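Here the structure is laid out as structure tokens; the discussion comes afterwards.
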Amino acid sequence: MPVTDRDLAEDAPWKKIQQNTFTRWINEHLKCVSKRIADLQLDLGDGLRLIALLEVLSHKPMCRKFHPRPNFRQMKLENVSVALEFLDKENIRLVSIGEERVPDFQTSLNARGVTLSKPAKSQRSDFQVEKS
């Protein structure tokens with residue numbers, strides 16, 4: 001079946017379904033810290049909810065301080081950098097995402113989904129996702 005322009009469009013139905021599913025998954029995990037997101041791009045842009053999600057999933061605190069009230073773009077970039085640095089220390093590789101892309105909302109669907117991949121040789125995972 002050939003791929004059509006409609007399938008690749010930004011508002012393609014499958015993309016909205018995937019985004020809604022991921023949003024619900026994040027909110028399920030953020031419930032325990034009394035946080036939630038409504039829009040992936042806007043709500044993850046300052047790094048705070050991304051940091052909270054990583055702390056919940058890993059059961060570990062962030063390795064360095066971050067800005068609790070990021071008012072400026074630079075503060076948002078630093079918060080996202082803290083989250084990405086944490087993932088790097090946990091040997092989790094991000095596909096198609098960098099710190100400057102999150103606050104600017106220049107994310108592809110893979111980046112919005114924060115596509116994570118562990119190295120194939122590592123079978124151990126410190127991130128524990130419990131089914132509810």
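Where a number appears in this text, it was derived from the coordinates with a stated rule and is not lab data. This is a predicted model, so every value here is computed, not measured.
Below 8 Å, C-alpha to C-alpha, sequence gap of six or more: please give me the relative contact order for region 12-90 in percent. Reported relative contact order: 26 percent. Taking 26 Å as the cut-off for C-alpha to C-alpha distance, list the pairs among Lys31/Lys60; Lys31/Lys76; Lys16/Lys89; Lys31/Lys65; Lys65/Lys89 that go past it. Beyond 26 Å: Lys16/Lys89.
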